[in-house]
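All remarks here apply to the structure that follows.
The values are calculated or read from the model by the stated rules, or taken from the named source; none is laboratory data. Since we're looking at a predicted model, the values are computed, not measured. When we count neighbours, we look across all protein chains shown, and the Cβ atoms used for this are built from the backbone with ideal geometry, even at glycine. Accessible surface areas use protein heavy atoms only, side chains included; no ligands, DNA or RNA. Shrake-Rupley method; radii C 1.70, N 1.55, O 1.52, S 1.80 Å.
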Amino acid sequence: MQLFLNLSMRTKLLLGFGVMVLIICLISILSFLSLSKVKASIDTVVHDDQPTMIALLELNEQIDRSASTLGFYLLSLDHRSKEQYESSLKQVDKTIARIMQLPVVTKDPYYLQSLRTIKVNFEKYKAYRSRMLEYAADFNKNFSAMSFSVDNLAPHAGQLQSLLSQLNQT
């Protein structure tokens, strides 16, 4: 303490400014390191999480479109609805396969298991395709097909929608 009191005013001011510069340098280094961590987190979100979320939302929309185009086809027997239904089934298969390859999914057992469950349920949903198209071709069977669709296909579609919602929330 006595040493500090014996220093000249000029030396005390220089030491004070030196300490301030040192503190500012430390704060700058810590800020730079924090920004680097933020950048890494943003990169993860932009390159991994966001594409996965977009693909899951797309899958959700495709499954919904599949169910609705089947309903339109059963009600109207419009061949465009049938083509859209069959096309949507193929699109869902492609989207599931694409999502299964995403890094977030391959690294996380929860995502992987959830997508496998979605795939199994979608395969059950698809298994009714030929029966539903057969029902649509026969007017007498068509009315029972609509009932069958509500009783058997709607639960699978609902379960798929629920699983997708759970994945979107995590």
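Roughly how many Å² of Lys124 are accessible to a 1.4 Å probe, to the nearest 10?
Number for this one is 100 Å².
Quick check for me: using +1 on Lys/Arg Cβ and -1 on Asp/Glu Cβ, what's the dipole size of the chain about its Cα centre, in debye to the nearest 20?
With Lys and Arg at +1 and Asp and Glu at -1, about 620 debye.
Keeping every protein chain in place, order Arg10, Arg129, Arg116 by accessible area at 1.4 Å, biggest value first, i.e. largest first.
So, going from the largest accessible area down, we get Arg10, Arg116, Arg129.
Provide the net charge surrounding Phe4, with neighbours chosen by a C-beta distance below 15 Å and charges set as Lys +1, Arg +1, Asp -1, Glu -1.
Net charge around Phe4: +2.
Pop a pseudo-label 7 angstrom from the Cα along the beta-carbon direction at both Ala97 and Ser34 and give the gap in nm to one decimal.
4.8
If each residue of separation counts as 0.36 nm, what is the full-extension length gain between Lys107 and Leu77 once their alpha-carbon separation is subtracted?
6.4 nm
Let me check against my output: what whole-number percent is the relative contact order of the chain, with C-alpha pairs under 8 Å and at least 6 apart?
Reported relative contact order: 24 percent.
For the chain, with the dipole built from +1 on Lys and Arg beta-carbon atoms and -1 on Asp and Glu ones, taken about the Cα centre, which of Phe122, Ser28, Leu163 lies farthest toward the positive end?
Ser28
Kindly count the pairs of lysines across the chain whose alpha carbons are less than 23 Å apart, treating pairs on different chains or eight or more residues apart as eligible.
18
Tell me the angle of helix 9-44 to the major Cα principal axis of the chain, expressed in degrees between 0 and 90 and rounded to the nearest ten.
In the chain, helix 9-44 runs at an angle near 10 degrees to the longest axis.
Roughly to the nearest percent, how much of the accessible area of the range 30-122 is carbon and sulfur, given a 1.4 Å probe?
So the carbon and sulfur contribution to the accessible surface is 61 percent.
Could you report the accessible area of Leu14 in Å², rounded to 10, computed with a 1.4 Å probe on the protein chains as they sit in the structure?
Leu14 exposes around 100 Å² with every protein chain in place.
Using only the alpha-carbon atoms, how far is helix 154-169 inclined from the longest principal axis of the chain? Give it as 0 to 90 degrees, nearest 10.
10
For helix 79-100, report the angle its Cα long axis makes with the longest principal axis of the Cα atoms of the chain; keep it between 0 and 90° and round to the nearest 10°.
Once rounded, one gets 40 degrees.
Please give the solvent-accessible surface of Lys119 in Å², to the nearest 10, using a probe radius of 1.4 Å with every protein chain present.
Rounded to the nearest 10, that gives 90 Å².
Provide Glu86, Glu134 ordered by accessible surface of protein heavy atoms (probe 1.4 Å), highest first.
Glu134, Glu86
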